[in-house]
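To keep things clear, I will list the structure first and then write my remarks on it.
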Amino acid sequence: MHPDYVDAVRTEMDQLAFDTSLPHCRRHDTHRPVLIAVVQNEFDHLPNLLNHHRTRGIQAFVILDNGSSDDSLEYLRAQDDVEVISVERPFSWQAKQAWIMRVIESIGFHRWYLVVDADERVVFPGDHRYSFADLTADMELEGKWRIRGMLVDMYGPGPLLQPPERPLERSQTFFDGDGYREETTHHLNSVKGGPRHRALSTDEIQLDPELTKYPLFRLAPGELMANPHHHWPYEENFKSPCHLGILHYKFGPELQQKIESAIASGNYWNQSIEYRAYQAALKANPDLSLAYGGSRRYRRPKDLVKSGLLADLDWKKWRKQRWQRKQDELRATVKSWFQKPP
């Protein structure tokens, strides 16, 4: 048996007709993740989205644009490492997952992908020295194909409705250093808490967003990224510690506009109930700030490790394992030479 949302994703996939030839990505090394994102009017985020992940070794991007009316398409089409697909279909979270899966089917299974939203920046311990390709190669040594991450909501010191300075990565440098809860469910290792739960819940709407995601993964045929927060079937979801910090710049200068748009469309989970909570909380307190005594300043991934949000990565151990494997392969090759009949 499988959940209804898997059928919904498959149904949407069957109805898709957009071009997914993607020649650049097909030629891409399977250890180097292809980054996939779905966007709509995210021009303010796109340069930093691309540059952040480029500096960590991403060399191929597939951006699915769902009807942007800003400068997004013009900008994206000018990028040599970006392949753009225009999707002219109604948005829902299930439809979004179907679009992503159609791209994965087209490029191929048994290779690595990094799926993010436009307002997310993925980091990991050691990313100043190592790339995503290094990380995926080392995860394969341990037989891990879905690398767990945690959404870390970022914010500035002032009121939410006060327009933050750009880029957000420089002005929104705080995160909640405590107050999280973790439990193992049937689907995933769930983490909840953070500033949305702490400061944006109301008497009528108690927010408790799921913070776990598995953005870096390698799927086999029959497996689906059928949910924004986990993959199906579920077994592989439990093998990886939380190694990825997903810095989440959700509270940008367009916050009020996004709230109004999400409520009007009702396209997000449970009729955009989270955005209804934002609207109610900010109406009750227009000067609401997310900063509190437990706020911590983010400078590097080690800050998330020190706060207990991420598990560290043992790069030294992996380098030793990789060296040992090469030595074993060399010995086996030499041995085979001497065993060949004259």
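Brief remarks on what is shown
- For the stretch 258-307, a/c is not less than 1.5, where a ≥ b ≥ c are the root eigenvalues of the C-alpha gyration tensor, and a/b does not top b/c. That puts it in the oblate class.
- Neighbourhood charge, 11 Å Cβ-Cβ cut-off, centred on S106 and excluding it, Lys, Arg +1 and Asp, Glu -1: -1
- Rounded to the nearest 5, the antiparallel percentage of DSSP beta bridges internal to the chain is 55%.
- Here the simple spin-label model places points 7 Å from the Cα toward Cβ, and for D71 and Y5 these points are separated by 3.6 nm.
- Under 5 Å from the amide H of S86 lie the amide H atoms of D65, each residue being 5 or more positions distant or on a separate chain, with H modelled from the backbone and absent for Pro and chain starts.
- Just checking the listed ones, D153, D138, D71: in the Gaussian network model of the chain with Cα springs under 10 Å, the one fluctuating most is D71.
- Point-charge dipole on Cβ atoms (K/R +1, D/E -1) for the stretch 1-113, about Cα centre, debye to 20: 520
- Out-of-range pairs (alpha-carbon distance over 26 Å; input K192/K316; K258/K302; K192/K250; K96/K192; K239/K302; K250/K302): K192/K316; K258/K302
- Here r is the Cβ-Cβ distance between K239 and N267 and R0 is 41 Å; the resulting FRET efficiency, rounded to 0.05, is 0.80.
- Listed by Cβ neighbour count within 10 Å, with the fewest neighbours leading, Y130, Y234, Y113 appear as Y234, Y130, Y113.
- Surface/4 of the Cα convex hull for the stretch 24-137, nm²: 7.0
- Measuring between their Cα centroids, the stretch 114-152 and the stretch 1-60 lie 15 Å from each other.
- Calculated FRET value between R297 and R331, using beta carbons and R₀ = 45 Å, to 0.05: 0.35
- Placing a label point 7 Å from the Cα of Q321 along the Cα-to-Cβ line, the residues of the stretch 148-190 whose backbone N sits under 17 Å from it are 148.
- Tensor-based shape of the stretch 222-295 (alpha-carbon gyration tensor, a/c under 1.5 rounded, otherwise prolate or oblate): oblate
Coordinate-derived values only; no laboratory data. Given the structure is predicted, the values throughout are model-derived calculations rather than measurements. Positions of Cβ are generated from backbone atoms using ideal geometry, with glycine treated the same way; all protein chains shown enter the neighbour counts.
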